[in-house]
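The values are calculated or read from the model by the stated rules, or taken from the named source; none is laboratory data. None of these values were measured; they are calculated from a predicted model. For neighbour counting, all protein chains shown are included, and Cβ atoms are generated from backbone atoms with ideal geometry for every residue, glycine included. For accessibility, only protein heavy atoms count, side chains too; no ligands or nucleic acids. Shrake-Rupley method; radii C 1.70, N 1.55, O 1.52, S 1.80 Å.
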Amino acid sequence: MVAVPSLFSLRHLLVLSLALNLSLILRALYHQRGEDNKWWFCFKKKMMEDADSCFTTSSTSSLHNSTREKVIDLDHGDPIMYERFWRQMGDKTTITIPGWQSMSYLSDGSNICWFLEAEFATEVVRLHKVVGNAVTEGRHIVVGTGSSQLILAALYALSSPDAAQPISVVSAVPYYSSYPSMADYQKSGLYQWAGDAENFDKEGPYIELVTSPNNPDGYRRKSMVNRSQGLLIHDLAYYWPQYTPISSPSDHDLTLFTASKTTGHAGMRIGWALVKDKEVAKKMTKFIELNTIGVSKDSQLRAAKVLKAVSESCEEENHKNVESFFKYSYNLMAQRWKQLREVVDAGDMFTIPQFSPAFCTFFGKETEPQPAFVWLKCEGDVEDCETFLRGHKIITRSGTQFGASPKYVRISMLDTDETFIQFIERLSAIQELE
């Protein structure tokens with residue numbers, strides 16, 4: 001009798017025997033015809049499903065563990081949720097810029113904003129007309145490197161170089177977290193941050209920044225101070241139909257918009273101001289001239305192409321079976337807010353703002369605000385919501401940076417689908433733990 005190598009035990013031989021027998025049985029089944037052949041395919045399918053289930057369970061468990069350890073950073077309002085829409089658009093917004101094009105500093109020397117590309121200005125006016133969210137007649141368009149540069153340009157333009165002291169800059173709490181640092185960063189002798197507009201009682205001229213819908217809490221805003229010497233800057237970055245009902249065209253002396261929150265193209269660094277007063281437009285243009293000697297023509301041309309695609313998607317929606325950019329964005333935001341409310345309402349750990357629906361002239365129906373950020377409050381014994389969520393590996397921006405209580409945080413709703421789902425799952429898990 002041949003000796004069995006010590007490498008194999010009796011158990012190994014039994015398993016090998018079973019495997020060989022099973023193989024012979026399956027082979028015989030496979031070669032049968034008729035109804036028995038159907039049984040073979042059903043059997044094989046069942047085997048494959050069981051194997052898939054085994055691997056899926058294992059990989060899902062590993063994925064769950066890894067995502068649980070992942071840091072979810074929702075501090076910034078990086079609008080990358082729009083990437084999927086623009087991928088679907090294919091080459092519709094692709095542009096080719098020859099090496100000889102856009103070489104001059106000048107775009108139109110006869111225009112107050114001499115570095116404004118005519119194509120971009122045309123598409124700005126067209127988009128506002130399509131959406132119905134701003135009056136453009138009788139306005140000068142000033143283009144900037146994002147609305148951040150335009151805010152500084154507006155502060156410069158509205159300040160007086162001959163004033164005995166810097167003009168006060170105010171905004172109602174909770175205000176956009178960058179306003180204080182933008183006003184004070186350069187320690188300008190022209191203007192200085194003076195805090196909450198609601199508590200402002202200093203006599204004399206002032207500049208009030210009115211953000212509507214507001215960043216961070218999403219509510220519609222009006223001027224709070226309302227005194228005769230007040231100068232207003234209306235920051236309407238979020239006055240678009242995916243975020244809030246469009247009630248009427250905004251009609252203010254100085255209004256700011258930005259491509260980053262309109263279409264999601266934050267990387268283009270393009271914003272624009274609609275300015276009623278010619279001298280204010282001139283001073284804003286001068287600030288940008290001194291600051292960056294104009295604004296990238298390449299970015300303006302790309303922005304013009306993107307805005308054109310948005311307008312066309314709206315105009316073609318009804319007769320070409322095309323989903324408009326704003327309809328797509330509105331549905332996505334609605335879905336996210338619905339998921340968030342379901343998680344928050346399932347426990348008593350957190351609360352979020354409640355909004356009243358209103359008629360939207362763009363959609364022709366009643367819609368509900370669904371802001372780009374959620375202004376979340378930690379209830380109960382949690383006094384520092386930002387630190388609490390950071391402990392659960394969710395990075396947010398503390399309410400203290402908006403002049404509000406540390407029980408609040410601002411959380412971006414504009415990240416990728418994957419990140420948003422992870423955030424919802426993490427928030428739900430926190431509710432269950434607490």
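Of the residues making up the range 134-173, those that are among the hydrophobic types (A, V, I, L, M, F, W, C), part of a helix (DSSP H, G or I) and more than 21 Å from the chain's Cα centre (by Cα) number 6. Could you please find all residues in the range 174-187 being over 25 Å from the mean Cα position of the chain (by Cα) and under 19 Å from K286 (Cβ atoms)? Q186 - this is the single residue of the range 174-187 that is over 25 Å from the mean Cα position of the chain (by Cα) and under 19 Å from K286 (Cβ atoms).
Matching residues to (1) aromatic (F, W, Y); (2) part of a loop (DSSP other than H, G, I, E, B); (3) in the same structural domain as K261 (by TED's automatic domain parsing); (4) open to solvent by 20 Å² or more (accessible area, probe 1.4 Å):
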residue	(1), (2), (3), (4)
Y175	yes, yes, yes, yes
Q186	no, yes, yes, yes
E198	no, no, yes, yes
I207	no, no, yes, no
Y219	yes, yes, yes, yes
L231	no, no, yes, yes
W240	yes, yes, yes, no
T244	no, yes, yes, no
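Being at pLDDT below 95 and assigned to a helix (DSSP H, G or I): is that true of Q422 here? When the stated conditions are applied, Q422 does not pass them. Taken together, the criteria place D235 among residues that are surrounded by 22 or more Cβ atoms within 10 Å (Cβ to Cβ), assigned by TED's automatic domain parsing to the domain that holds G195 and among the acidic types (D, E). Looking only at the range 65-83, which residues are open to solvent by 40 Å² or more (accessible area, probe 1.4 Å), modelled with pLDDT under 95 and assigned to a helix (DSSP H, G or I)? Once the filter is applied, which keeps residues that are open to solvent by 40 Å² or more (accessible area, probe 1.4 Å), modelled with pLDDT under 95 and assigned to a helix (DSSP H, G or I), the range 65-83 yields N65, S66, R68, E69.
Is it the case that some residue within the range 133-144 is buried (at least 22 other Cβ atoms within 10 Å of the Cβ), touching a residue at least 12 places away in the same chain (Cβ under 8 Å) and in contact with a Gly (Cβ under 6 Å, 6 or more places away or on another chain)? For the range 133-144, residues buried (at least 22 other Cβ atoms within 10 Å of the Cβ), touching a residue at least 12 places away in the same chain (Cβ under 8 Å) and in contact with a Gly (Cβ under 6 Å, 6 or more places away or on another chain): present. Only one of the listed residues (S299, S329, S311) is polar (S, T, N, Q), surrounded by 14 or more Cβ atoms within 10 Å (Cβ to Cβ) and more than 21 Å from A134 (Cα to Cα). That residue is S299. S405 passes every criterion in (1) without any contact (Cβ under 8 Å) to a residue 60 or more places away in the chain; (2) on the phi > 0 side of the Ramachandran plot apart from (2). Of the residues examined, Q339 is not one that is touching a Lys or Arg at 6+ places or on another chain (Cβ under 8 Å), under 20 Å from D217 (Cα atoms) and in contact (Cβ under 8 Å) with a residue 12 or more places away in the chain.
Checking the structure you have, find out if any residue of the range 211-226 is within 30 Å of S110 (Cα to Cα) and not hydrophobic (A, V, I, L, M, F, W, C). There is no residue in the range 211-226 that is within 30 Å of S110 (Cα to Cα) and not hydrophobic (A, V, I, L, M, F, W, C).
Taking the listed residues L376, L427, the one that is farther than 29 Å from I246 by Cβ and either β-branched (V, I, T) or crowded, with 21+ Cβ neighbours inside 10 Å (or both) is L427, with no other qualifying. A single member of L106, L127, L116 is out of contact with any Lys or Arg (no Cβ under 7 Å at 6 or more places or on another chain), at pLDDT 95 or above and not in a helix (DSSP H, G or I), and it is L116. Of the set (1) in contact with a helix residue (DSSP H, G or I) (Cβ under 8 Å, 6 or more places away or on another chain); (2) open to solvent by 20 Å² or more (accessible area, probe 1.4 Å), all apply to R336 but (2). I'd like the residue in the range 388-402 that is touching a strand residue (DSSP E or B) at 6+ places or on another chain (Cβ under 8 Å) and farther than 26 Å from A197 by Cβ and, out of all such residues, is surrounded by the fewest Cβ atoms within 10 Å (Cβ to Cβ). Taking the candidates together, the pick is K393.
The set of residues from the range 284-296 being touching a Leu at 6+ places or on another chain (Cβ under 8 Å), of a type outside the set (A, V, I, L, M) and crowded, with 16+ Cβ neighbours inside 10 Å comprises just one member, F287.
Answer yes or no: is there a residue in the range 357-365 that is of a type in the set (G, A, S) and in contact (Cβ under 8 Å) with a residue 40 or more places away in the chain.
yes
Out of curiosity, is I411 open to solvent by less than 50 Å² (accessible area, probe 1.4 Å), touching a helix residue (DSSP H, G or I) at 6+ places or on another chain (Cβ under 9 Å), in a strand (DSSP E or B) and touching a residue at least 24 places away in the same chain (Cβ under 8 Å)? Answer is yes for this residue.
Out of T387, T396, one residue alone is without any contact (Cβ under 8 Å) to a residue 24 or more places away in the chain, β-branched (V, I, T) and not assigned by TED's automatic domain parsing to the domain that holds A197. It is T387.
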